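Worksheet: one structure, shown below.
The values are calculated or read from the model by the stated rules, or taken from the named source; none is laboratory data. The structure displayed is predicted, hence computed values, not measured ones. Cβ placement follows ideal geometry from the backbone for every residue including glycine, while neighbour counts extend to all protein chains displayed.
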Amino acid sequence: MSSPLALLVYVAAVVAVAGLGGLASTSGIEGWYADAERPWFTPPDWLFGPVWTVLYAAMAVAAWLVHRIRDRHPHDAAAVLRLWWAQLAVNLAWTPVFFGLRWLWGGLAVIVLLDVLVALLVARCWRLNRAAAMLLVPYLVWIGYATALNTGIAVLN
């Protein structure tokens with residue numbers, strides 16, 4: 001797959017995940033979540049959209065940077081990209097579990113798995129392409145924060 005086409009694939013993948021996540025969270029955000037007890041460090045709802053837009057864009061570019069060096073490091077790049085796709089699938093799974101099913105402790109299990117996958121992804125990228133790793137660090141920080149939020153909401157509700 002050519003480099004420009006690969007970038008389009010990664011962008012399309014994160015746009016699909018963002019769109020599906022948005023659909024899965026709408027009823028929860030306007031329903032039970034609006035009335036739920038939340039930790040004191042919960043950000044305003046309007047902040048999530050812009051933050052995730054930037055993070056998803058960075059995720060797509062990070063995957064593309066790894067894709068671009070697959071000829072020089074075929075096995076390592078393939079392993080990193082499999083990990084990238086795995087974390088994206090887990091990222092997608094969290095929203096319907098947490099917001100749709102209102103399974104707060106199940107959501108915590110999903111997001112902890114996401115934390116582990118993204119930490120592994122950052123570590124693997126660091127050895128292969130530092131720019132890709134650096135693009136993923138804010139994502140890792142944000143989902144760590146989201147894990148704390150998920151924990152707080154599960155405890156309080």
Looking only at segment 82-137, and only at residues there that are in a helix (DSSP H, G or I) and among the aromatic types (Phe, Trp, Tyr), the one that is nearest to Gly152 (Cα to Cα): Trp105
Only one of these is within 13 Å of the chain's Cα centre (by Cα) and without any contact (Cβ under 8 Å) to a residue 24 or more places away in the chain: Val17, Val110. Name it. Val110
Looking only at residues that are β-branched (Val, Ile, Thr) and surrounded by 14 or more Cβ atoms within 10 Å (Cβ to Cβ) in segment 137-152, which one is farthest from the chain's Cα centre (by Cα)? Thr151
Might you check whether a residue that is at pLDDT below 90, crowded, with 16+ Cβ neighbours inside 10 Å and polar (S, T, N, Q) occurs anywhere in segment 7-25? yes
Leu55 - would you say it is under 15 Å from Gly21 (Cα atoms) and either assigned to a helix (DSSP H, G or I) or among the hydroxyl-bearing types (Ser, Thr, Tyr) (or both)? yes
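Let's see how each residue does on (1) within 20 Å of Ala146 (Cα to Cα); (2) crowded, with 18+ Cβ neighbours inside 10 Å; (3) in contact (Cβ under 8 Å) with a residue 24 or more places away in the chain:
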{"position": "Thr53", "(1), (2), (3)": "yes, no, yes"}
{"position": "Tyr56", "(1), (2), (3)": "yes, yes, yes"}
{"position": "Leu65", "(1), (2), (3)": "no, yes, yes"}
{"position": "Asp71", "(1), (2), (3)": "no, no, no"}
{"position": "Ala78", "(1), (2), (3)": "no, no, no"}
{"position": "Arg82", "(1), (2), (3)": "no, no, no"}
{"position": "Gln87", "(1), (2), (3)": "yes, yes, yes"}
Cβ-Cβ distance below 7 Å, separation of 6 or more or different chains: which pairs start in segment 118-137 with a residue that is more than 18 Å from Ala89 (Cα to Cα) and touching a residue at least 24 places away in the same chain (Cβ under 8 Å) and end on one that is charged (D, E, K, R) and surrounded by 14 or more Cβ atoms within 10 Å (Cβ to Cβ)? Leu128/Asp76
Residues of segment 121-136 satisfying the condition of being over 11 Å from the mean Cα position of the chain (by Cα), within 16 Å of Ala60 (Cβ to Cβ) and of a type in the set (A, V, I, L, M): Leu121, Val122, Ala131, Ala132, Ala133, Met134, Leu135
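From the list Leu83, Leu101, Leu47, pick out the single residue that is modelled with pLDDT of 95 or more and hydrophobic (A, V, I, L, M, F, W, C).
Being modelled with pLDDT of 95 or more and hydrophobic (A, V, I, L, M, F, W, C) holds for just one of Leu83, Leu101, Leu47, which is Leu83.
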Being at pLDDT 95 or above, under 17 Å from Ala16 (Cα atoms) and surrounded by fewer than 16 Cβ atoms within 10 Å (Cβ to Cβ): is that true of Ala109 here? no
